[in-house]
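Following: one structure in structure tokens, then a few remarks.
The values are calculated or read from the model by the stated rules, or taken from the named source; none is laboratory data. The structure displayed is predicted, hence computed values, not measured ones. With ideal geometry, Cβ positions are generated from the backbone for all residues, glycine too; neighbour counts draw on all protein chains shown.
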Amino acid sequence: MKEFGGAYLVECIPEGLRVEQRGDRLAHLEIMLDRSMTLDEYNELLGQVKLSGGEQQMKTAPPKLMFELPFGERDAFEAESKGFLGDARAQYSDGSCIPLTFYTTTRIAQDLQEEARWGRPYIAEPGLIVVENVTLEQMETAVAELHKEGFFDRFVRLPSGTKDPRF
């Protein structure tokens, strides 16, 4: 199966996944699930997707760190004091975004201990990123560096205009 996706060609989509065009631009394609599957199955199938051509053009501009509400001095103080911020997102120039949650090691350990007391010995948050301190500088640095490393390429972006399901 070959489908043109702007700067690249989708050479192979394994059974269980499909390619869909989003919006009115030919270049905006998304890889979608055809059936229910585990995260491990999904990751294995994603590893089988083959793209060709335009590798340099496929690189996206780094996302900007954005927040659900305006982020002021008081918000910065509270986030750093609490060691947690759960209303962030990495937003791309096309408007798509990836929900993010920032924690410090101290806060995540406290929350894990509390969850375990209630029979939930785990923490799971969208786009969980652990930083030394939850400061604007460290969050922006983490987003920029993780983008360079290709970390966000493994996430499915929420399309532009989609309300973050956490709120």
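Numbers for the structure displayed
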quantity: Check on Lys163, charged (D, E, K, R), out of contact with any Leu (no Cβ under 9 Å at 6 or more places or on another chain) and over 28 Å from Glu44 (Cα atoms); calculated: yes
quantity: Some residue of the range 111-122 being surrounded by 12 or more Cβ atoms within 10 Å (Cβ to Cβ), under 25 Å from Gly47 (Cβ atoms) and either free of Cβ contacts under 8 Å to residues at least 40 places away in the same chain or outside the structural domain of Glu30 (by TED's automatic domain parsing) (or both); calculated: no
quantity: The range 70-95 - residue that is acidic (Asp, Glu) and either touching a His at 6+ places or on another chain (Cβ under 6 Å) or not in a strand (DSSP E or B) (or both) and, of those, modelled with the lowest pLDDT; calculated: Asp94
quantity: Matching residues, the range 138-167, being part of a loop (DSSP other than H, G, I, E, B), within 10 Å of the chain's Cα centre (by Cα) and surrounded by fewer than 14 Cβ atoms within 10 Å (Cβ to Cβ); calculated: Val156
quantity: One residue from Glu73, Glu68 being free of Cβ contacts under 8 Å to residues at least 12 places away in the same chain and not assigned by TED's automatic domain parsing to the domain that holds Met32; calculated: Glu73
quantity: Identity of the residue in the range 10-69, part of a strand (DSSP E or B) and of a type in the set (Lys, Arg), that ends up modelled with the lowest pLDDT; calculated: Lys50
quantity: Odd one out for Ala124 among (1) out of contact with any strand residue (DSSP E or B) (no Cβ under 8 Å at 6 or more places or on another chain); (2) at pLDDT 95 or above; (3) among the hydrophobic types (A, V, I, L, M, F, W, C); calculated: (2)
quantity: Residues being assigned to a helix (DSSP H, G or I) and under 21 Å from Asp75 (Cα atoms) - total across the range 111-137; calculated: 3
